[in-house]
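So the structure is just underneath, and the comments pick up after that.
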């Protein structure tokens, strides 16, 4: 029935448009970011005029030689390190205009980190480690616990909830860290060498999980990696060299 | 998952590091709690000692004279009848200061001064102890202290020397001077322990005095007293009976006239004549008697002795003369002339002779009559004769009141003699002047006055500090209410307190004094301060080491959105639990620490408190406060350490950074250098200001300057360590290994500073505090020192009333000195009002210190070191000048100017304001004496005493006759004479005084010995501090070892790499040692420099810092640090470098 089809098409367009608008509002925009560190001689310039934009649901890889500033860029975007110049906006919020309390809340609710080192607390169980970010906001709710259980099920650790990190393999720990990064439904996930400490198989598993979850959750994902294989999985690839970010040729 | 769950998980997971931190807290808590418990224990021990000293005695009456022993039984009966619920035995007793000597002529004589007690039913004082070995007859019971000093045992014979008990003041013209002590040969029936009766006494002291017990009946017999007592002891058996017992007893106290020291007789005319055994009535007694007889006509009179009365060339010797205002009406008057006419009141220049005297002098009305008499008060055995002329106004007939013998009070040895020739007066008496006719008068009329003058004239001539009335004549209508015609009967309606009879709540007073003058808990807290600081520093280093391992955890928490405050809260909650548990363990250990301190006070540090009777007493409040303060201090220290870590940016934390310097770089080092220099300048200015601040603030300023200098130098050191990063090893230069050591030290600035800080604090505190050590002999006999230039101090049991600076005076007391020595010796006699020892040798809080009356000769001589003085040019003169400057008050009402030793003022009497401060002391009769400080002596021999001018002393304490404290100055110039060197001469002086004046119970002490005795307390406290400082240093060494060990473990990879690069183990060990020596050397330098800065103002005053001990201490610390560093390096380097590098790569 054409009228119904037209109606559905209009509805779909509205939803897609709304989704697109929403995703556009939740975009990550980095403008002319720069960073330098003081040394005994002259300041060390690590980032020069870095700019990028990613919308919700998009993912990207940043590659480059060691010491090029990839982790520094990630830290600035994630609100861990202040820039020397430029600005960052995520969903319209510049974290570096926030006071320390607001900045902490920004990291808690908007950003999820996956580090090369899992940084799981050895004194807590897997489930407790995943729920750790909810403590910053006052403590886990029933919904948070259900979500944590669901995320751990997704990453294949459903039967390891009460185990301690020392009882997991390297890959399992990184998967648990992945679940922790997503517990608060962040808009942005930053992964710094997420597979750097893993063997090929484990690293591949983690990479696939990362992408799967990112797609499902519609987060923005930026991965810093030396792994060509992982970089190739991303929609976009940038190279950071001499402090500048340039797209990598296909 | 909850915040508490995370805390519990963390506590259990990191239990071993937390246990180490808790151990550090436990040490701090143990020391803190232990110090507080020491305070509790000292107070409890002093209270216990007081109870042991007093036994069952709750209240005591110490009479100013001998009273009837029957009074005790009267009070006991009255109490039993009227207040049976508070019935208590009242024990009559006698207590005197006596001496006991050995009697073995074959051995050197030994003599000891002691308290002699004689109490009926003495077993009731300590009913729970072994039966009292009651002495009988001519036996004496000694305590161990007395027996040991005498070197006697049971059954040995000794000689008991008892002072004579005259009632007329010795310095009165009719008072007996220098009466020989009575000697009684007795046998030692028992030597008892220095407990119970062996410790018994009413003085507030912790020391056991030599004590002896005899039976009261025997002592009365020896003293010639009929059933007398001078002390009444109330010994209730039940605790309920003790409440307000002194007040109850005071209300039951009904002394009779005899107890009040009053005689009442009836003259032939029926007039009641009231006199006192003291000859002249004390003003307080006269006031009390006037109130008793307020409803009757009273006629006061003052009778004196005239050595001669003369008219022209005729003279009669030794006549009594009475000053009285004639009354015209009976029964107190009139006195009629030879024509029967009443003689009117006399003018001040008029005299009335009785008919006998007028006839002897052939005097008629209008004639000039001169009277020669001794002044009423005798000064140092010198009788001063005066002559006054009168106009004869009338001649009294030998009838009626004019011939009443009762005008003249009884004087033993004079009025009780049958003839003038039998007189045994204390004054110079020329028997050859007595004519038979004088004796005839005496036989017929006795001491009836031969002359009368006006009361005003008599008081002007013959009144003095002892009073102004010898007789009160009272109208006889009061007979029925008084009771009895003669002798003593009935009870005067007088307040016993007015006549010096007061029951004192001695137990309550003793327990109040047991609070002590020294706040021992704060004192030991101060002594243990370094131990606590070392424990806290250890705790901080252990905590930092524990939390540094978790820097990534803290970084992650920040990364996932925990705010800094929340992270801090999480860390602090964990720290609080650890601190609480550690403190709990520590408070339990605190009792052990306190026990150790008390053991030290009973042994090594015995001079500080002077008793071994110290026992542990744990107060709940101290435990709670100790726990609380330790927990709070530990939490604060850990919070401070954690805060430094949490301020590091999260990314740096995730990367393993553990200090801001690691994260931020070295830019702030210059700032610390500048701060350090700036603070040093401020401290230098503050140090210079010491000379201008009041004395009471100098100790505070000392600590501020000292600690400030220490902190300034540490800040400077911190900056300099940071600047070590600028040192490079990338170019050819000498001492490359040393330069590398500097770089390594700079890499971990915080830990490096911790090591240096610990040693520097120990060196600073021990050095600075040791600067206060007193060496009494270091100044020699210096007039401007604490010994005032005097070689000897002598104190006597009996007052010496002669001038020992004159040959006559020395001859009077048989003090034999070689002429050469006598010529160059000067004696300054000082009056004594007995009281409790308020020096640092007595830990009790004293309310009645001993008072010394300083003569004008000493005031003019001057000398001694003054810390503060109202009159800077002549400090001693303020004793005389102060009264005039007392704000315009009359001299009698103005506070008494007093000079006190500074230590006594500050620490015993708590007179923190110093010169100008007013305070009051008990006068021993229930009243108070106001005083004002006009001078503070510096470390003097007078510690414990209050010094007032002699002229004021005699006014305040008229009953204290004679001198019992002597400063002996021996001036020798060995170069100009052949006299033996001063030390030998002082020994001769000392021997002569003790031997010749044994009858006076003289004991001598050199001023050096006295100052050493006093200095021993302060020096012992300093020794305590040094000992505890050493303990703290040991603790610090443990902490240092922990830090160094951990640091080397963290550098395993670095050291392995250097080994792989070709460094030998020896070279690496040398590198580690260089780093250690740099820090410890810097620490030593900082400690010594800050100590010097703080103590420079005191360096000129006393230079007795034990540098050798301090250098040994610093050397020991260097040795310990080096050993630990070397040992750590050896252990760490023992492993294969490849194994370490593989571990790093993994």
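Bear in mind that the values in this text are calculations on the coordinates, not laboratory data. Worth saying up front: this structure is predicted, and the values here are computed from it rather than measured. Backbone-built Cβ (ideal geometry, glycine too); neighbour counts: all protein chains shown.
Observations, loosely collected:
- The slack in the chain from residue B:444 to residue B:367, taken as 0.36 nm per residue of separation less the alpha-carbon distance, amounts to 25.1 nm.
- Most to least packed among B:1010-1021, B:1083-1094, B:331-342, B:866-877 [average Cβ atoms within 10 Å]: B:1083-1094, B:1010-1021, B:866-877, B:331-342
- For A:35-48, mean number of other protein chain Cβ atoms within 10 Å: 1
- P(r) tail, region B:71-200: Cα-Cα pairs separated by more than 19 Å, 59% of all pairs.
- Label reach from residue B:129 (point 7 Å along Cα→C-beta): in region B:46-86, amide nitrogens under 16 Å belong to B:48-58.
- The fraction of all Cα pairs in region B:188-262 landing in successive 5 Å bins from 0 to the largest distance is 3, 10, 14, 16, 20, 20, 12, 5, 0, given as whole percents.
- Cα gyration tensor shape for region B:255-342, rounded if a/c is under 1.5, else prolate or oblate: oblate
- Across region B:829-876, the relative contact order, built from alpha-carbon pairs under 8 Å that are at least six residues apart, equals 33 percent.
- When only Cα pairs below 8 angstrom with a gap of at least 6 residues are kept, region B:1-121 shows a relative contact order of 14 percent.
- DSSP finds beta bridges in the protein assembly as shown, and of those with both partners inside it, around 75 percent are antiparallel.
- Peptides ranked, highest mean first, by Cβ atoms within 10 Å: ranges A:42-55, B:137-150: B:137-150, A:42-55
- From largest to smallest, the equivalent ellipsoid semi-axes obtained for region B:1049-1093 from the alpha-carbon gyration tensor read 32, 10, 5 Å.
- An ellipsoid equivalent to region B:385-451, defined through the eigenvalues of its Cα gyration tensor, has semi-axes of 21, 17, 13 Å when rounded to whole angstrom and sorted largest first.
- Residue A:36-residue A:212 FRET efficiency (beta carbon distance; Förster radius 45 Å; 0.05 resolution): 0.75
- Rounded to the nearest 10 degrees, the inclination of helix B:70-82 to the longest alpha-carbon principal axis of chain B is 70 degrees.
- Computed from the Kirkwood radius of its Cα pairs, the Stokes-Einstein diffusion coefficient for chain A at 25 °C and 0.890 mPa s stands at 128 µm²/s.
- Simple label model, 7 Å out from Cα along Cβ direction - residue B:918 to residue B:603, nm: 5.1
- Inter-part distance where region B:819-861 and region B:892-941 are each reduced to a Cα centre, Å: 15
- Dividing the helix sum by the residues of chain B, where each DSSP H run of 4 or more adds -39500 (n - 2.57), gives a mean residue ellipticity at 222 nm of -14000 deg cm²/dmol.
- Helix B:529-548 and the long axis of chain B differ in direction by around 20°, with both axes built from C-alpha atoms.
- P(r), alpha carbons of region B:335-377 - 10 Å bins starting at zero, rounded %: 22, 52, 22, 3
- At an R0 of 30 angstrom, the distance between the Cβ atoms of residue B:928 and residue B:857 translates into a FRET efficiency of 0.50.
- Here the Kirkwood formula puts the hydrodynamic radius of region B:290-427 at 16.3 Å, using every distinct Cα pair.
- For the pair residue B:389 and residue B:615, label points projected 7 Å from Cα toward Cβ lie 7.9 nm apart.
- Zero-based 10 Å bins, Cα pair distances in the protein assembly as shown, whole percents: 1, 7, 11, 14, 13, 11, 9, 8, 7, 6, 5, 4, 2, 1, 0, 0, 0, 0
- Here the extension length gained between residue B:167 and residue B:15 equals 46.7 nm, from 0.36 nm per residue of separation less the Cα-Cα distance.
- Relative contact order (%) - chain B, alpha-carbon pairs under 8 angstrom, separation at least six: 15
- With the simple spin-label model, which puts each label point 7 Å out from Cα in the Cβ direction, the residue B:910 to residue B:405 separation comes to 5.9 nm.
- Neighbour counting of Cβ atoms within 10 Å sorts the residues B:908, B:215, B:287, fewest neighbours leading, into B:287, B:215, B:908.
- Antiparallel DSSP beta bridges within chain B, percent to nearest 5: 80
- Cα gyration tensor category, rounded, prolate or oblate, for region B:426-476 with a/c compared to 1.5: oblate
- Converting the Cα gyration tensor eigenvalues of region A:128-240 into ellipsoid dimensions via √(5λ) gives semi-axes, longest first, of 24, 17, 11 Å.
- Remark: mean inter-chain Cβ contacts per residue of A:130-136 equal 6, using a 10 Å Cβ-Cβ cutoff to other protein chain atoms.
- Taking every residue in A:113-123 and counting other chain Cβ atoms within 10 Å of its Cβ, the average works out to 5.
- Linear extension gain, residue B:625 paired with residue B:296, 0.36 nm per residue minus alpha-carbon span: 111.8 nm
- Relative to the dominant Cα principal axis of chain B, helix B:3-13 is inclined by about 80°.
- Pairwise Cα inverse-distance average, inverted: Kirkwood Rh of region A:90-153 (Å): 13.3
- For A:226, B:136, the sequence from fewest to most other C-beta atoms within 10 Å is B:136, A:226.
- The calculated FRET efficiency for the pair residue A:199 and residue B:1065, based on their C-beta separation and a Förster distance of 41 Å, comes to about 0.65.
- Residues in region B:425-460 reached by a label modelled at residue B:398 [backbone nitrogen below 11 Å; 7 Å Cα→Cβ]: B:440-446
- Size descriptor, Kirkwood hydrodynamic radius, that averages inverse alpha-carbon separations across region B:552-596, Å: 12.5
- Rg to Rh quotient for region B:908-969, alpha carbon positions, Kirkwood Rh: 0.96
- Ratio of Rg to Rh over region B:786-845 (Cα coordinates, Kirkwood Rh, two decimals): 1.06
- For region B:159-299: rounded, prolate or oblate by the Cα gyration tensor [a/c cutoff 1.5]: oblate
- Entry for chain B at q = 0.06 Å⁻¹: log10 I(q)/I(0) = -0.65, Debye formula applied to identical alpha-carbon scatterers, no solvent contribution.
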